[in-house]
Amino acid sequence: MSLKRKILELQKKREQVLQGGGEKAVEKQVAMGKMTARERIITLLDENSFHEYDMFIEHEARDFGMATKVLHGDGVIIGTGTIFGAPICIYAQDFTVAGGSLGLMHARKITKIMDHAMKMRVPIIGINDSGGARIQEGVNSLAGYGEIFYRNTTASGVIPQISVILGPCAGGAVYSPALTDFVFVVDKISKMFITGPEVIKTVLGEEISMEALGGARVHSEITGNAHFFAESEIECFDQIKKLITYIPWNNSKKAQKYEVKEPKVDQYKIDEIVPGNPKEPYDVRDVVRAITDDSDFFEIQQLWAANMVIGFGRMDGQTVGFVCNQPLVLAGVLDCDSSDKAARFIRYCDAFNIPIVTLVDLPGYLPGADQEHAGVIRHGAKILYAYSEATVPKITVILRKAYGGGYIAMNSRHLNADFVFAWPGAEIAVMGPEGAANIIFRKEIMGADDPDKVRKQKVKEYKEKFANPYVAAAKGYVDSVIEPEETRKLLLHAIEGSQNKVDNKPYKKHGIPPF
Ligand code: HXC
């Protein structure tokens with residue numbers, strides 16, 4: 001056979017694979033408002049940058065009628081490409097081929113591209129659209145998932161791992177994403193559950209829709225399993241592209257530096273954002289936007305545990321991770337979910353050489369039986385652990401309240417912060433003045449002819465004595481009490497001066513964080 005004919009044969013073989021699960025299955029996919037796996041890859045990556053591997057993989061399953069089934073690409077597409085020029089490894093499960101279910105060869109393709117990403121030290125993106133372990137392949141599919149989970153764990157903190165959920169994902173198809181750094185979901189399209197509604201009906205006799213069980217909103221607002229919520233696949237891909245600009249290719253690099261831009265928001269009016277009355281709410285994101293380059297802020301997990309705000313911005317052109325109490329929601333208290341949210345993000349920034357700026361304004365940990373029984377001791381400890389363990393530059397600005405355990409937890413000097421600044425209105429104390437006066441002056445208040453008058457007097461005394469930043473500044477716990485308009489200038493100085501920070505911890509195999 002001449003080479004020309006062999007080339008024609010190759011082209012024909014390629015054409016066949018490109019059909020995925022066939023016309024009908026593709027029509028069904030499109031009718032659900034979903035792109036095909038190949039369209040997704042092409043849309044996400046830079047134009048003409050995608051190169052596919054293992055296109056002609058064939059499954060080896062023989063049971064349950066599988067011997068005669070042709071599954072193109074075994075239901076998954078793998079390859080390499082770029083996003084804004086940054087190299088990327090990628091896989092996308094093809095739901096039109098056996099529901100994107102994962103058999104042995106399907107898993108081999110995924111582990112191959114994961115290994116390649118690790119060898120080349122570049123990010124891996126997984127587009128998941130799969131019914132989970134391929135039932136017909138039994139333990140071979142389970143083995144496949146196990147090998148993916150193992151690699152997810154090995155790669156954790158070495159290369160960025162991004163998961164995109166673009167279909168009904170069950171079983172292993174959700175556990176691998178759960179081990180990765182960022183999970184993206186799309187309204188009405190993404191579903192995540194360990195077992196689908198059919199199994200739930202069989203086992204528990206309960207009826208529930210896929211959307212109510214594990215839709216995009218459920219995971220963005222209730223469970224916290226998803227980090228980014230989008231209205232459409234296109235919006236989701238734009239979010240991924242934006243994320244890629246903030247993170248480094250691997251843990252030995254820093255994120256790309258961009259041109260320095262002054263904030264669009266007037267940084268000299270930053271004091272007007274934060275009300276003087278410590279009980280009045282405001283949106284801490286406005287403070288972030290008054291100090292970041294171009295007033296840019298890329299928020300993560302926006303819809304979950306909203307009393308804590310986390311995300312990326314840039315200062316001096318460099319990526320910075322922001323961890324902020326949000327006085328707009330529950331007065332910015334720390335609770336189980338907000339502690340989990342902050343702790344994981346702090347560990348991400350630390351793993352990938354991203355300095356952390358912490359903005360503090362909180363009344364402390366949320367009291368109550370609900371939180372105690374939900375394990376606020378264990379969850380709250382995560383944030384203490386994460387800050388203490390982190391060795392990237394850690395800078396704190398106390399904007400207003402910093403009470404009790406909340407003061408310690410939010411990157412206080414005692415957890416080895418590098419810089420702690422406080423605005424002049426900061427109140428640093430064991431608890432708020434009202435609560436404190438009621439406890440320490442209880443006898444005097446109760447015994448007084450006019451308890452209300454004495455209570456007010458004692459609250460005033462307490463405020464004057466403790467509810468300010470100067471007691472902490474006098475002990476060196478606060479490095480500098482600053483004017484609000486100096487915040488960006490001092491943060492830029494602190495970040496620049498921390499470029500070569502060294503913080504060697506004692507050798508250990510690993511710590512035992514309160515997972
Ligand atoms: C083999 C599967 C499959 C699977 C779907 N298909 N899931 N084939 N193994 N796990 C096939 C279907 O038979 C069908 O094939 C095609 O994919 C499309 O599926 P539909 O059911 O028609 O689609 P839909 O109605 O949209 O429902 C999607 C679904 C449902 C919710 C994902 O298919 C489902 O519940 N699947 C099983 C999910 C599950 O329980 N997986 C857990 C696996 S255990 P045809 O030929 O008819 O088009 C697991 C262990 C991991 O993953 C361990 C983790 C620790």
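The values are calculated or read from the model by the stated rules, or taken from the named source; none is laboratory data. Everything numeric here is computed off the predicted structure, so don't read it as measured data. Cβ placement follows ideal geometry from the backbone for every residue including glycine, while neighbour counts extend to all protein chains displayed. Only protein heavy atoms, including side chains, enter the accessible area calculation; ligands, DNA and RNA are left aside. Shrake-Rupley method; radii C 1.70, N 1.55, O 1.52, S 1.80 Å.
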Taking first residues from segment 360-375 that are on the phi > 0 side of the Ramachandran plot and second residues anywhere that are of a type in the set (Val, Ile, Thr) and part of a loop (DSSP other than H, G, I, E, B), the pairs with Cβ under 8 Å that are 6 or more apart or on different chains are Gly364/Val333
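Working only within segment 482-515, note down all residues that are aliphatic (A, V, I, L, M) and surrounded by fewer than 17 Cβ atoms within 10 Å (Cβ to Cβ). Show your work before the answer.
Restricting attention to segment 482-515, the residues satisfying the condition of being aliphatic (A, V, I, L, M) are 482, 490-492, 494-495, 502, 512.
Result: Leu492, Val502, Ile512.
From the list Lys458, Lys508, Lys489, Lys453, exactly one residue is out of contact with any helix residue (DSSP H, G or I) (no Cβ under 9 Å at 6 or more places or on another chain), free of Cβ contacts under 8 Å to residues at least 60 places away in the same chain and assigned to a helix (DSSP H, G or I). Which is it?
After ruling out the rest, the residue left standing is Lys453.
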State which residue is nearest to Asp187 (Cα to Cα) when the search covers only segment 126-159 and only residues that are in contact with a Leu (Cβ under 7 Å, 6 or more places away or on another chain), within 8 Å of the ligand (Cβ to nearest atom) and assigned to a loop (DSSP other than H, G, I, E, B). Ser130
Can you tell me which of Arg14, Arg5 is outside any loop (DSSP other than H, G, I, E, B), under 20 Å from Gly81 (Cα atoms) and of a type in the set (D, E, K, R)? Arg14
Select from segment 160-180 the residues that are more than 10 Å from Ser130 (Cα to Cα) and either within 8 Å of the ligand (Cβ to nearest atom) or open to solvent by less than 10 Å² (accessible area, probe 1.4 Å) (or both) and list them in ascending order. Pro160, Gln161, Ile162, Ser163, Val164, Tyr175, Ser176, Pro177, Thr180
